[in-house]
1. Taking the Cα centre as origin and putting +1 on Lys and Arg beta-carbons and -1 on Asp and Glu beta-carbons, what dipole magnitude results for the chain, to the nearest 20 debye?
2. So, R0 is 25 Å and r is the distance between the beta-carbons of residue 33 and residue 118; what FRET efficiency does that work out to, to 0.05?
3. Bin width 5 Å, origin at 0, all Cα-Cα pairs of segment 20-109: what percent of pairs per bin?
4. For residue 399 paired with residue 232, estimate the spin-label separation in nm (one decimal), with each label point 7 Å from Cα along the Cα-to-Cβ line.
5. What lysines could a cross-link reach from residue 276, if we take a straight Cα to Cα line under 24 Å and drop same-chain neighbours fewer than 8 places away?
6. Would you list, by chain and number, the lysines whose Cα falls below 16 Å from the Cα of residue 22, excluding same-chain residues fewer than 8 positions away?
7. Arrange the peptides 114-123, 312-321, 148-157 so that the one whose residues have, on average, the most other Cβ atoms within 10 Å appears first.
8. Mean residue ellipticity at 222 nm from the helices of the chain, using -39,500 (n - 2.57) per DSSP H segment of n ≥ 4 over the full residue count, to the nearest 500 deg cm²/dmol?
Amino acid sequence: MGIYSVLGKNLEDVKNSLFQGKSGVILDPLRKEMGFRSALTGMVDRPVLKGVLDRRMRIGMAVQGEYAYMATLEALRVAGIEQSFLDQHEVGILYGNDSSAVPVVESVDILRDKKDTMMIGSGYIFQSMNSTVSMNLSVIFKLRGINFTIAGACASGSHAIGMGYLLIKQGLQDIIICGGAQEINPEATASFDALNAFSTNESEPSKASRPFDRDRDGLVPSGGAASVILESYDSAIRRGANILGEVVGYGFSSNGEHISLPNVDGPRRAMEMALKDSGMGAEKIDYINAHATSTQAGDSNEAQAIDEVFGKTKPLVSSTKSMTGHEMWMGGASEVIYSILMMQDSFVAPNINFINPDEFSTKLNIALKTTPAEINAFLSNSFGFGGTNSALVIRKFSL
């Protein structure tokens with residue numbers, strides 16, 4: 001696995017941030033200048049790829065593709081996979097990405113200003129497509145397996161892992177690079193701000209994202225990229241791979257109601273399906289990485305759904321979005337990585353900024369601080385606009 005996150009640009013830094021309960025949220029003055037209600041955002045530096053990739057490879061990559069390239073480099077290194085292996089085997093890619101705003105805006109600006117399509121650079125078409133990440137990485141790494149993008153709103157990264165799991169389980173692929181990427185810029189989030197979806201607690205940016213807290217006032221947009229290398233057991237053993245965990249359950253559902261307001265039934269059914277697919281009972285789940293984004297309706301409905309499924313067993317729960325903000329298309333993949341890091345080092349990261357529970361979150365066993373815990377299996381929730389829901393069950397690997 002590999003990560004390029006507001007919590008750190010590699011696995012070690014991210015693990016330390018999780019353990020310390022460190023926030024990656026800042027105040028971006030540019031957003032105020034542009035007329036945003038809220039200038040809060042997660043932030044990570046854009047990688048410098050000049051001298052790393054040649055211009056021909058760079059020109060078609062949107063910024064989220066650059067993040068994904070960095071995350072995938074680390075993931076391949078951790079997996080012990082070199083380019084020679086990719087050249088000789090059929091390795092696929094399934095990446096979660098549901099927009100690419102900046103290149104669309106910039107190319108249209110050029111068209112309107114110059115009145116000449118020939119003034120639009122050749123790279124914009126490849127940057128602007130939703131499939132920009134999967135198409136670019138497949139070319140850069142010379143991948144020859146499955147190759148497409150999962151667009152499932154804020155569950156995109158999770159669905160990418162779930163679909164990769166199903167393809168491998170069916171014997172159709174041995175290895176798939178799965179993940180999620182999200183651009184961090186005002187253009188990508190202006191329409192969210194127009195919905196009054198963002199927190200306006202600008203006086204203390206690190207305290208703005210408050211999942212499950214009674215006084216939460218909205219989410220904080222964020223982004224980056226996260227990659228995991230999914231592999232069949234036989235292939236991993238044959239390579240002598242260091243296996244980090246085992247995907248054992250994938251659940252999905254659609255709310256079938258409102259385009260932006262979540263409900264309780266859909267998330268509950270996704271979690272129940274993931275548990276059934278895993279063959280594990282609720283009592284076997286030691287930790288839940290909640291989707292909770294710090295919105296009033298979303299957090300309360302998820303808390304009710306978790307209580308309906310896990311009310312008797314009460315596993316530890318936290319939303320790492322309290323530290324990262326809402327990583328949107330990336331979040332379903334990054335939160336799996338955050339949870340695996342906790343599983344490896346036997347701790348649960350805190351749900352920071354959780355001070356006052358509401359009537360629903362008071363029923364959950366929410367981690368108020370970094371908590372020592374033996375995690376043998378965890379569940380990760382991801383939900384999105386349109387009522388799409390994804391839940392993954394991952395357990396510690398043992399022979």
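1. Details: 35 positive and 44 negative charges, 96 e Å.
That gives a dipole near 460 debye.
2. Values: r = 32 Å, r/R0 = 1.28.
E between residue 33 and residue 118, to the nearest 0.05, is 0.20.
3. 2, 9, 13, 18, 22, 15, 10, 6, 4, 2, 0
4. A separation of 2.1 nm, rounded to one decimal place.
5. Candidates past the 8-residue exclusion: 169, 284, 312, 314, 363, 396.
6. Cα-Cα hits under 16 Å: 9, 207, 321, 369.
7. 148-157, 312-321, 114-123
8. Values: 15 runs with 148 residues, N = 399.
When only DSSP H runs of four or more count, the value is -11000 deg cm²/dmol.
Read the figures in this text as sums done on the coordinates, not as results from a lab. None of these values were measured; they are calculated from a predicted model. Backbone-built Cβ (ideal geometry, glycine too); neighbour counts: all protein chains shown.
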